[in-house]
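**Q** This is the structure I want to talk about, given as structure tokens.
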Amino acid sequence: MAKLDRYIARNVLSATLTVLAVLVGLDALSSLIDEASDITPTYQFSDVLRYVALTLPRRIHEFVPFAALIGVLIGLGRLASSSELVVARAAGVSLVRLAVIVLKPTLAFALCGFAVGEYISPFTEQVAVSEQALAQRSASNFAGRGGTWNRDGSTYVHVAAVQRGGVIFGVTLLTFDEQRHLVQSLRAERGTFLNDYWLLENVERSIIDENAVTLESSVTWPWRTDITPNLLVLDVIEHDSLPVQQLWPYANFLNAQGLTSADIELAFWRKLLQPLAVGGLVLLAMSFIFGPLREGNMGARIFAGVIVGVVFRISQDFFGPVSLLFNLSALLAAAIPIAVCWCLGVWLLVRKT
């Protein structure tokens, strides 16, 4: 049985890794073409290549569930086409045993993908976004393109680019009074975090009162705030690219600022439950191999895998906004599509036993 386990695992994993390479390669090529349209004298083709390369870990993490789904369809489909699965069944291997054999390598693959999304992707994504923002930032425009907004009490903060080590670029601070009237506008070219405050450089301030607007310029200006470099890094990266261990504290900080954190909580549960999502999709793929796709060709299996993957992603994208709209539990929104996959996959496999 150990030989059978290794043989099936090798077929499934080789197909899964091949599918993952194809999906990530196509997505990276699409991103390369899209980014090429933004090439400027400061944002050159070499910068585009570096940006796409640094975002590869994030793409790998995103495509792990779909690669596992299509990989199982292809790997087991080859064994079914050559009647090797029929021989295994005739030798007394049950569907439950086959499911366990397939789930072990795919769950290990899912955990590796989770590790990439937890420990590698957040770092490379932050470097990619920061370098891109700096390259696309104009010297005549402090805010630059993109960037991130945050809030510190009555002050709204925009930062164009964030570098690790506590350095920020293109800082804009807008301060309002209790009547929501703008009382101060500040722009700084650069800021450095020093222990418990930011030292802003090349600062231009506009102080607004009922009668006049006073303009001030200074080489440096201390900005005391609860916003730390780590918090700004979390703001810069897309929520789905943040590590699980930082998502929940970030949601608590947003709640303390009176801001909504439902999307952060949803990203937290989606990332945490991704290995279970992979398991559910694998069971669903197995039910197809021993059911309607048993006699199908490779093209039909790949097409079915793509359709199931698209439906699964659409269901995730549907329940996410619904949970935000009706103030439902983020855990429930993330778990419903996964639970449906598990229930449907187990039910279809039980019917074949």
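**Q** Out of E84, E131, I need the residue that is in contact (Cβ under 8 Å) with a residue 12 or more places away in the chain, acidic (D, E) and assigned by TED's automatic domain parsing to the domain that holds V346. Which one? Explain how you work it out, then say what you get.
**A** Working: E84 fails: in contact (Cβ under 8 Å) with a residue 12 or more places away in the chain.
Only one candidate passes the filter, namely E131.
**Q** Report every pair of residues separated by at least 6 positions or lying on different chains whose Cβ atoms are under 6 Å apart, first residue within the stretch 47-65 and without any contact (Cβ under 8 Å) to a residue 40 or more places away in the chain, second among the polar types (S, T, N, Q).
**A** Cβ pairs passing all conditions: V52/S31.
**Q** Can you name the condition, by its number, that S154 falls short on among (1) buried (at least 21 other Cβ atoms within 10 Å of the Cβ); (2) modelled with pLDDT under 90; (3) among the polar types (S, T, N, Q)?
**A** (1)
**Q** Right, something else. In the stretch 24-42, what residues are in contact with a Phe, Trp or Tyr (Cβ under 9 Å, 6 or more places away or on another chain) and over 24 Å from G117 (Cβ atoms)?
**A** A36, I39
**Q** Restrict the check to the stretch 188-196 and report whether at least one residue is exposed (fewer than 12 other Cβ atoms within 10 Å of the Cβ), closer than 26 Å to F123 by Cβ, charged (D, E, K, R) and in contact (Cβ under 8 Å) with a residue 12 or more places away in the chain.
**A** yes
**Q** Looking at the stretch 67-89, is at least one residue touching a Ser or Thr at 6+ places or on another chain (Cβ under 9 Å), assigned to a helix (DSSP H, G or I) and either modelled with pLDDT under 85 or surrounded by fewer than 19 Cβ atoms within 10 Å (Cβ to Cβ) (or both)?
**A** no
**Q** Looking at (1) at pLDDT 90 or above; (2) touching a strand residue (DSSP E or B) at 6+ places or on another chain (Cβ under 6 Å), find the lone condition where F169 falls short.
**A** With (1) at pLDDT 90 or above; (2) touching a strand residue (DSSP E or B) at 6+ places or on another chain (Cβ under 6 Å) applied to F169, the lone miss is (1).
**Q** For residues that are under 31 Å from the mean Cα position of the chain (by Cα) and among the polar types (S, T, N, Q), scanning just the stretch 171-197, find the one that is nearest to V157 (Cα to Cα).
**A** Top of the filtered list is T172.
**Q** Continuing with this model, one more query. Provide a single number: the residues in the stretch 21-41 that are loosely packed, with under 11 Cβ neighbours inside 10 Å and of a type in the set (S, T, N, Q).
**A** 2
**Q** If I filter the stretch 140-148 for residues that are at pLDDT below 85, buried (at least 18 other Cβ atoms within 10 Å of the Cβ) and on the phi < 0 side of the Ramachandran plot, do I get at least one hit?
**A** yes
Per-residue answers, yes or no, for (1) in the same structural domain as P57 (by TED's automatic domain parsing); (2) at pLDDT below 85; (3) surrounded by fewer than 20 Cβ atoms within 10 Å (Cβ to Cβ):
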{"residue": "I207", "(1), (2), (3)": "no, no, yes"}
{"residue": "A212", "(1), (2), (3)": "no, yes, yes"}
{"residue": "V236", "(1), (2), (3)": "no, yes, no"}
{"residue": "P249", "(1), (2), (3)": "no, yes, yes"}
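**Q** Answer with yes or no whether T175 is surrounded by 11 or more Cβ atoms within 10 Å (Cβ to Cβ) and farther than 17 Å from W149 by Cα. Spell out how you get there, then give the answer.
**A** Numbers: surrounded by 11 or more Cβ atoms within 10 Å (Cβ to Cβ): yes; farther than 17 Å from W149 by Cα: no.
Criteria not met by T175.
**Q** Still on this structure: Considering S217, S241, which residue is of a type in the set (S, T, N, Q), buried (at least 18 other Cβ atoms within 10 Å of the Cβ) and modelled with pLDDT of 80 or more?
**A** S241 is the lone residue from the list that is of a type in the set (S, T, N, Q), buried (at least 18 other Cβ atoms within 10 Å of the Cβ) and modelled with pLDDT of 80 or more.
**Q** Based on what the data block shows, is S14 free of Cβ contacts under 8 Å to residues at least 24 places away in the same chain, surrounded by fewer than 20 Cβ atoms within 10 Å (Cβ to Cβ) and hydroxyl-bearing (S, T, Y)?
**A** It is false that S14 is free of Cβ contacts under 8 Å to residues at least 24 places away in the same chain, surrounded by fewer than 20 Cβ atoms within 10 Å (Cβ to Cβ) and hydroxyl-bearing (S, T, Y).
**Q** At least 3 residues that are at negative phi and at pLDDT below 80 in each: list the helices (runs of 4 or more DSSP H) lying fully within the stretch 273-353 that qualify.
**A** Answer list for the stretch 273-353: 298-325, 330-352.
The values are calculated or read from the model by the stated rules, or taken from the named source; none is laboratory data. Because the structure is predicted, anything quoted here is derived from the model rather than measured. Because the Cβ atoms are built from the backbone with ideal geometry, glycine has one as well, and the counts that use them run over all protein chains shown.
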